[in-house]
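Just below is one structure, and these are the notes that go with it.
The values are calculated or read from the model by the stated rules, or taken from the named source; none is laboratory data. Quantities reported herein were computed from a predicted structural model and do not represent experimental measurements. Note: ideal-geometry Cβ built from the backbone for every residue, glycine included; neighbour counts use all protein chains shown. Heads up: the accessible areas ignore ligands, DNA and RNA and are worked out on the full protein's heavy atoms, side chains in. Shrake-Rupley method; radii C 1.70, N 1.55, O 1.52, S 1.80 Å.
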Amino acid sequence: MPRTSRRAAKTPSKDDIARLYRGLFLIRRAEEEVEHVYPSDKIKSPVHLAIGQEAVSVAICDALRPDDVLGCTYRSHAAYLAKGGDLGAMMAEMYGKATGCARGKGGSMHLVDMQHLLLGASAVVGTGIPIAAGYAIALKREKKRRVAVTLFGDGATEEGCFYETLNFAGLHKLPLLFVCENNFYSIHTHISKRWSNLDVCGRARAFGVPAKQIVDGDIFKIRAAAAAAVDRIRRGGGPEFLEIHTYRWRQHVGPGGDYDAGYRSEREARKWMKSDQVARLAAMLASATRVRIEDEVNAKISEAIAFAESSPFPGPEDLLADVFAD
Amino acid sequence: MSSPTDRKGRLLTYVGALQEAVSQEMDRDPSVFVMGLDVVDHKGIQGSTQGLPERFGPDRVFHTPLSEDAMAGVAIGAAMAGMRPIYVHIRMDFLMLCMNQLINIAAKARYMYGGQVSVPMVVRSMIGKSWGQGAQHSQGLHAMFMHVPGLKVVAPATAYDAKGCLIAAIRDNNPVIFVEHRLLYFTDAYVPEESYTVPFGHARVCTPGDDITIVGISNMLVEALRARELLTEVGIHAEVIDPISLVPLDSETIVRSVARTKRLLVVDNAWTTCGASAEIMARVIETLEPRELRAIRRLGFAPSTCPTTPSLERLFYPNPASIASAAHAMVRPEADRWEPSAETAALAYQMNFRGPF
């Protein structure tokens, strides 16, 4: 890597900060809006909020080309928006409207935007990992140096298909980046109660897949690590693995926190809230720039909500549409 | 489209027909590829993948690790990306290791992603029988897949249909569960050399008859045709129908036949509870008036796990004698129970497979 670009990775430009902030703020505000609307029962869909985890999706997607492919989990709002997924179609999907990204048939857990190469999300933990590997086979064949990324949580690393896919991707040198978004909890159970060995990077390395861990949630570090890995993968180096520590501020599913539930402490969360990347980047921007970005994002969100509200529900003729492809 | 009665082409085995179908489609369409345990080895899935590795190379024909769950996902992902994978399983029993991906993703992707993706994949699976295949090498599990919307299920019983259905399956834009029975592999039929498709959702009346309709699924079609021969000797003329595809299911052809014969016997290479036979019977009963139906029955596996000892395995499966006997009782309910003589029945039995593999 030339020296200038290495420096750029360490010292982000004003444009970098503004772009990343826009991505972070969009996701934070979109999800806050979902929380705001939720008590009205207009969103009849289980929502798994990524508030607190935005930096992972934004940093990873910032390291990708638009023609790269991203697969994500049922906690999909952040990845969907970071990859460029249509905000109006996302809101409409949660409202169950015909204009939703899945025509109202998928809801929050099955967001998809194939135009922006965001593979459909699955509500069965881990299932998206081999799907992304299958996509990577196609990318490898076409030889356009495109990369597939599979984003999954710590819980998914307990599924058999995670190891099966690591092995297969390593064997076939697939252009695939594994990103484990480790927020420490699978629903309400901490990794210390689930993992016999906390070294998940070591598990990837056991399959010959290079691995790197980022523990402080720093968006610039995540972005630099992702860019370096993606660059090596693009050049035919085979799959890589990133473990990124992060923290889910809200409960597993639904709006609001659950620090009174007893399985985790507010003190643990506070540490992550103090290093909130949304606030951090906001403070790094000139206030005029920040306000302009925020105004633009807020206007976009109002527009998306209005779109969702005014869109029609699917009609009876849609019930049996798309059971099969033509 | 040609038909199996044209006697065009040359005699080809079922396994040769499968191989030819894949080979021709791989020639035609570079997005078609083959993956699975043992597809590359010297046995080449009983010959059905023989020659393909040499011809198409390791990128298009490759062995998979014993990771059925993830490999099913890999096939689905490749299909979503526009490729046309053929994922081969040497036993249908092993599909149980892929159920999550097949049921939760392959079947649903088109629908739950609002039509944004399709999953054009073929899952080939072989059902074993005899030489002690036993509990986990003999199951006909097609009904499990019929239950879930979004999967097509096809079970061709002849070499002609094997080729035409496999080509149709490869070109289909949906996941297709392709059910093969091992004892059919070395049966032969006239198979055109050129490429052709046997469209799904069209049952075939194999032999006409007025006394009873017998539907035979997969290998049980062969057994039903042999039972028909036995029945002819006592003056009973059975109309034997091969549904060929189970999803979509052409119940109209079956209903039309039963409306005439007033008797339906469905013989499946599977258990009967919640099975393909139950589904076919239900559709007929839902369509016809009670007076149009004099007798209805199904035969299938005994309601037990498949035993390995020949003395019990013999009782586990329907056979030409038991099918003929059941049909006789339905056509002539007042007559004494009839069974073909042991010698005649023995001649009608399928040649048994000899091991060890």
Exercise for review: Would you mind stating whether A:Ala269 is under 20 Å from A:Ile222 (Cβ atoms), of a type in the set (Gly, Ala, Ser) and under 23 Å from the mean Cα position of the chain (by Cα)?
Suggested key: yes
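Among the residues of the stretch B:31-45, is any closer than 26 Å to B:Ala203 by Cα, within 20 Å of the chain's Cα centre (by Cα) and at pLDDT below 95?
No: zero hits.
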Exercise for review: With the condition kept exactly as written, say whether any residue in the stretch B:50-59 is of a type outside the set (Lys, Arg), touching a Leu at 6+ places or on another chain (Cβ under 9 Å) and modelled with pLDDT of 95 or more.
Suggested key: no
Check your understanding: Does A:Ala55 count as part of a helix (DSSP H, G or I), under 13 Å from the mean Cα position of the chain (by Cα) and over 20 Å from A:Ser302 (Cα atoms)?
Key -> yes
Study note, to complete from the structure: Counting only residues in the stretch A:23-44 that are surrounded by 20 or more Cβ atoms within 10 Å (Cβ to Cβ) and either out of contact with any His (no Cβ under 7 Å at 6 or more places or on another chain) or of a type in the set (D, E, K, R) (or both), the one nearest to A:Ser76 (Cα to Cα) is identified as A:Glu31
Review point. Considering only strands (runs of 3 or more DSSP E) fully contained in the stretch B:176-245, which possess at least 1 residues that are touching a residue at least 12 places away in the same chain (Cβ under 8 Å) and buried (at least 24 other Cβ atoms within 10 Å of the Cβ)?
Key: B:176-181, B:188-191, B:212-216, B:238-242
Review point. Quick one: how many residues across the stretch B:161-175 are open to solvent by 10 Å² or more (accessible area, probe 1.4 Å) and touching a residue at least 60 places away in the same chain (Cβ under 8 Å)?
Key: 1
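Quick check: anything in the stretch B:48-61 in contact (Cβ under 8 Å) with a residue 24 or more places away in the chain, within 8 Å of chain A (Cβ to nearest Cβ) and over 27 Å from B:Arg314 (Cβ atoms)?
Yes, the stretch B:48-61 has at least one match.
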Revision key, fill the gap. Those helices (runs of 4 or more DSSP H) completely within the stretch B:2-121 that have 2 or more residues that are open to solvent by 30 Å² or more (accessible area, probe 1.4 Å) are B:14-28, B:52-56, B:109-112
Point to revise | Top-ranked residue of the stretch B:288-312 - restricted to ones that are farther than 30 Å from B:Gln136 by Cα and over 25 Å from the mean Cα position of the chain (by Cα), ranked as surrounded by the most Cβ atoms within 10 Å (Cβ to Cβ) | key: B:Leu293
Revision key, fill the gap. Within the stretch B:255-283, the residues that are in a helix (DSSP H, G or I), over 17 Å from the mean Cα position of the chain (by Cα) and β-branched (Val, Ile, Thr) are B:Val255, B:Val258, B:Thr261
Practice item. Determine which member of the set B:Val148, B:Val154, B:Val117 is within 14 Å of another protein chain (Cβ to nearest Cβ) and within 12 Å of the chain's Cα centre (by Cα). Key: B:Val154
Revision key, fill the gap. The number of residues in the stretch A:101-118 that are more than 7 Å from chain B (Cβ to nearest Cβ) and in a loop (DSSP other than H, G, I, E, B) is 4
Revision key, fill the gap. Checked the stretch A:126-145 for anything at the interface with chain B (Cβ under 10 Å from one of its Cβ atoms), touching a residue at least 24 places away in the same chain (Cβ under 8 Å) and more than 20 Å from the chain's Cα centre (by Cα); matches are A:Ile137, A:Leu139, A:Lys140
**Study point:** helices (runs of 4 or more DSSP H) completely within the stretch A:146-247 that count 2 or more residues being more than 14 Å from chain B (Cβ to nearest Cβ) and open to solvent by less than 50 Å² (accessible area, probe 1.4 Å)
**Key:** A:200-205, A:219-234
